[in-house]
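Engineer: This is the structure, below, for whatever I ask next.
Where a number appears in this text, it was derived from the coordinates with a stated rule and is not lab data. All values derive from a computational prediction rather than experimental measurement. Note that we place each Cβ from the backbone using ideal geometry, even for glycine, and neighbour counts take in every protein chain shown.
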Amino acid sequence: MEFQRYLAELSSACKTDKFGLFEGASLAEIEECEAKLGFKIPLKLQNIYKVNNGQSVDRVPVFPLGHEFLPMNDMASIWMQQKDVKADSPDFPWQPNWIPFAQSIGGGLFCYCYTDSSNQISQFYADSEDVRIFDCDIDEFLKKLASEIKSGKLVFDESLSILEWSEDKIWNKCGINRTPTSRINRTPTNISRY
């Protein structure tokens with residue numbers, strides 16, 4: 001599984017395997033989260049949560065730029081909060097088909113963007129007009145992150161206890177587009193890539 005391979009590379013880079021990962025989610029926990037969301041969680045994302053249901057907040061964040069792996073309860077709560085903000089502010093860059101799986105202390109989110117025809121990963125910050133779209137599904141996203149760690153482009157900053165890229169242009173080398181919010185097609189089932 002790609003998540004386990006990614007964690008192995010992360011452990012090597014951070015020189016620790018103490019990420020505070022929780023036991024995998026049960027079928028009942030997955031179904032409870034889906035009931036809160038009002039739709040099925042895509043199978044590839046479910047498979048990751050069946051292995052580990054998020055992480056403790058007092059450990060090294062599993063995802064780059066200080067993004068902690070969200071437990072399913074937090075995933076559902078954050079999704080509902082974003083949905084409420086979107087209802088009040090239609091120009092808010094979040095989309096209802098974005099399932100948050102990681103959050104930074106500053107409120108940034110990595111989301112699994114699902115549609116009937118494709119799946120992608122987005123990174124977005126509520127206080128910014130920038131949205132980064134990773135043109136890949138969750139497994140490819142994890143492969144790219146592992147590759148970036150192995151190549152030394154994604155490094156562990158011991159002073160901050162986070163993974164980070166040394167230059168923002170690295171994002172583009174990973175197949176990521178920085179898309180100003182105004183250029184995103186706001187139709188939930190069709191997120192444009194530029």
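Engineer: Quick one: if you stick a label point 7 Å off each Cα along the C-beta vector at Lys150 and Asp88, how many nm between them?
Structural biologist: Calculated label separation equals 4.5 nm.
Engineer: Can you compute the radius of gyration and Dmax for the range 1-54, using only the Cα atoms, both in Å?
Structural biologist: 13.0, 40
Engineer: Treating only the Cβ of Lys, Arg, Asp and Glu as charged (+1, +1, -1, -1), what charge dipole size does the range 28-121 show about its Cα centre? Round to the nearest 20 debye.
Structural biologist: Here the range 28-121 has a charge dipole of around 220 debye.
Engineer: Could you pull out every residue, at least 5 positions away or on a different chain, whose amide H is within less than 5 Å of the one on Val131? Hs are placed 1.01 Å off N in the peptide plane, and Pro or chain starts have none.
Structural biologist: Residues meeting the amide H criterion: Thr179, Thr181.
Engineer: Can you give me the C-alpha center-to-center distance between the range 99-154 and the range 1-53, rounded to a whole angstrom?
Structural biologist: 15
Engineer: Would you please name the chymotrypsin sites (Phe, Trp or Tyr not before Pro) within the range 34-134 that are DSSP coil residues with at most 14 other C-beta atoms within 10 Å of their C-beta?
Structural biologist: Phe39
Engineer: A further question on this structure: Just to confirm the filter: which GluC sites (Glu not before Pro) across the range 71-170 are DSSP coil and have at most 14 other Cβ within 10 angstrom of their Cβ?
Structural biologist: Loop-located and lightly packed - Glu129, Glu158, Glu167.
Engineer: Moving on to the next point. Going down the list Lys40/Lys150; Lys44/Lys153; Lys44/Lys86; Lys36/Lys153; Lys50/Lys83; Lys15/Lys40, which pairs span over 31 Å between their C-alpha atoms?
Structural biologist: In this structure, Lys40/Lys150; Lys36/Lys153; Lys15/Lys40 exceed 31 Å between Cα atoms.
Engineer: Need one number: nm distance between label points at Leu27 and Tyr125, each 7 Å from Cα along Cα→Cβ, rounded to one decimal.
Structural biologist: 4.3
Engineer: With θ taken as phi - 60° and the coefficients 6.51, -1.76 and 1.60, list the Karplus ³J(HN,Hα) couplings across the range 60-69 in order, rounded to whole Hz; mark glycine and proline as x.
Structural biologist: 4, x, 6, 10, x, 6, x, 8, 8, 6
Engineer: Shifting gears a bit: Given that compact globular proteins tend to follow 2.2 N^0.38 Å, what is the ratio of the alpha-carbon Rg of the range 1-101 to that value?
Structural biologist: Computed over Cα atoms of the range 1-101, the ratio equals 1.15.
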